[in-house]
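Here's the structure, in structure tokens; my notes come after.
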Amino acid sequence: MKRAASCSCGQLSITTDGEPVKISACHCRACQRRTGSAFGVAVFFHADQMEMSGASSSYVRSGDSGRSIEFKFCPECGSTVFWMPEFRIDLIAVALGCFADPSSLTPTQSVYGESRLPWVSFDFT
């Protein structure tokens, strides 16, 4: 199955082919800051499942794992579209909200629960 994801202005886009490896709802403080929300959702694919088009800028930071994460965002609108965590060298994460139709993508795990805001809960089935 092919899925399209893009930034807010549409300049930076990703097309994925196949099913995601996993979908993580992350409650770490860095994801809360990056998204401006209570958590971020990463849809992980193998690098060979993806095609990128458009210009991107990078931001590298240390993750809660202690390893680096390189975020790719649109230099025009600033939307973070995807990132590459050093601790998952074979995987690329795409921001759930960037997909044209995220309705079929449900988190399969929740991580960094110690930073989860008390009013957030998930019912994984």
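Structure values in brief
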{"quantity": "Inverse of mean 1/r across different Cα pairs in region 66-125, Kirkwood, Å", "calculated": "13.9 Å"}
{"quantity": "Cβ-based net charge around residue 45, under 15 Å, with every Lys or Arg adding one and every Asp or Glu removing one", "calculated": "0"}
{"quantity": "Bridge type composition, region 2-111 - antiparallel percent by DSSP, nearest 5", "calculated": "90 percent"}
{"quantity": "The chain, helix-only ellipticity at 222 nm - DSSP H runs n ≥ 4, -39,500 (n - 2.57), divided by all residues, nearest 500", "calculated": "-1500 deg cm²/dmol"}
{"quantity": "Spread of Cα-to-Cα distances over 10 Å intervals beginning at zero, given as percent, for the chain", "calculated": "13, 47, 35, 5"}
{"quantity": "Table column - 3J(HN,Hα) (Hz), region 25-37, Karplus curve with 6.51, -1.76, 1.60, x for Gly and Pro", "calculated": "8, 10, 9, 4, 4, 5, 5, 4, 5, 4, 8, x, 9"}
{"quantity": "Positive minus negative residues near residue 104 (Lys, Arg vs Asp, Glu; Cβ under 13 Å)", "calculated": "0"}
{"quantity": "Contact order normalised by residue count of the chain, Cα under 8 Å, 6+ apart, percent", "calculated": "31 percent"}
{"quantity": "Local net charge near residue 65, Cβ-Cβ under 14 Å (Lys/Arg +1, Asp/Glu -1)", "calculated": "0"}
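We did not get these values from a lab; they are worked out from the coordinates using the rules stated. Everything numeric in this text was worked out from a predicted model, so none of it was measured. No Cβ is skipped: glycine too gets one built from the backbone with ideal geometry, and neighbour counts run over all protein chains shown.
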